[in-house]
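The values are calculated or read from the model by the stated rules, or taken from the named source; none is laboratory data. From a predicted model like this one, the values you see are computed outputs, not experimental measurements. So basically every Cβ, Gly included, is an ideal-geometry build from the backbone, and we count neighbours across all protein chains shown. Quick note on the areas: whole protein, heavy atoms, side chains included, nothing else; ligands and nucleic acids left out. Shrake-Rupley method; radii C 1.70, N 1.55, O 1.52, S 1.80 Å.
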Amino acid sequence: MKTLIVFAHPDERSFNGSLLKETVSQLESDGHEVKVTDLYKQHWKSQIDEDDFPVTHEKGSRLVVAVESQKAYSSHHLTLDVVEEQEKMKWAELVIFQFPLWWFSMPAIMKGWVERVFSAGLGYALPDRYGAGGFEGKKAMLIVTAGGGESNYSARGINGPIDDVLHLINHNMLFYSGMTVLPSFVTYKTDYATEEVFQNYAAKLRNTLKNIETIEPIKYRKQSGGDYVIPGGILKEGLERPGETGFDMHIQKD
Ligand code: FAD
């Protein structure tokens, strides 16, 4: 599989940096083609602003980001850094996002990559979303390192269940833009990891990656799959399990 890894950590000697090496080496030894976007090394500009639309937007005039984004994307006038990342996205069959969990989400530099690369007309503002859209047919997976312990991210854990914490990325960014999302790979208590702990996680990750082509995706309900009242985007009554509320309702059970 053609795999793009979008990587966000400021130091390649980090736990994340070491995990990245494991990922690249496992995927390549299994015959996959791999490209890495190393956001800090690339000095990625994380904020979207009028400099993103140098040709189609008159500098100093009022900026409506989605409108300008659509205009620049459809007329091929986005900046080169964004175009290069969009080309990688178009090339990729699997996109891995690897990052340390910072404030229960991705580091700002990676959020900025999504904001700029998933431009209107490609990542959003299409007639279809949630299971359809510009990135339909691609798979996506998160590799996340957390400082908190696993119990903190369990069903009754104080941080909230890890699948809920990652829901807005997995469901509302990746599935939204059409990708099929694989279960996330997460390490816990990462700040306290010894080399032995690292090796255990690395082995688990290598094993996951060996089976990457057959891993069952998260069964998010497609917007156009008949489960939602359209317009409105509301899950039809009775599709949830008794008592089920919140994010879980948007995942099919069998
Ligand atoms: P590093 O600091 O690079 O390494 C961690 C440990 O692994 C070190 O002791 C290192 O020596 C050891 N190690 C063992 N083997 C290796 C090896 N082979 N290579 C490299 N290192 C190795 N956590 C949460 O759970 N939720 C949050 O919301 C959250 N928010 C945060 C916000 C900020 C701004 C910051 C700075 C941290 C936050 N954290 C949070 C913690 C954060 O998720 C962890 O600090 C991070 O996941 C650790 O990953 P790292 O790659 O930076 O680890």
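Mind jotting down the distance between the C-alpha centroids of segment 28-53 and segment 170-198, whole Å? Between the Cα centre of segment 170-198 and that of segment 28-53, the gap is 18 Å.
Projected over all directions and averaged, the alpha-carbon convex hull of the chain occupies 15.0 nm². Heavy-atom accessible area, probed at 1.4 angstrom with all protein chains present, ranks Trp102, Trp113 as Trp102, Trp113, highest first. Extending 7 Å from the Cα toward the beta-carbon at both Asp254 and Phe104 defines two label points whose distance is 3.2 nm.
Would you tally the net charge around Glu33, using a Cβ to Cβ cut-off of less than 12 Å, leaving Glu33 out, and scoring K and R as +1, D and E as -1?
Around Glu33, the surrounding residues sum to 0.
The number of Lys pairs in segment 1-110 with C-alpha atoms less than 30 Å apart, excluding pairs fewer than 8 positions apart on the same chain, is 29. Accessible surface comparison of Lys138, Lys222, probe 1.4 Å, protein chains only, largest first: the order is Lys222, Lys138.
With 5 Å bins beginning at zero, the pair-distance distribution over Cα atoms of segment 22-102 amounts to 3, 12, 19, 19, 16, 14, 8, 6, 3, 1, 0 %.
Round to the nearest 0.05 the FRET efficiency obtained for Leu80 and Leu126 when R0 = 22 Å and r is the Cβ-Cβ distance. The computed FRET efficiency comes out at 0.40.
Considering only Cα atoms, the convex hull volume of segment 104-219 works out to 115 Å³ per residue.
The apolar share of the surface of the chain, taken as the fraction of accessible area on carbon and sulfur atoms (1.4 Å probe, ligands and nucleic acids excluded), comes to 52 percent. The alpha-carbon of Lys219 sits under 18 angstrom from the alpha-carbons of these lysines, leaving out residues fewer than 8 places away in its chain: Lys138, Lys139, Lys236, Lys253.
The calculated pair-distance distribution of segment 177-220 uses every alpha carbon pair, bins of 5 angstrom beginning at 0, and gives 5, 18, 24, 18, 15, 12, 7, 1 percent.
In this label model, Arg241 and Glu196 are separated by 3.7 nm, measuring between points 7 Å along each Cα→Cβ vector. Take the Cα radius of gyration of segment 1-66 and divide it by 2.2 N^0.38 Å, N being the number of residues; the result is 1.60.
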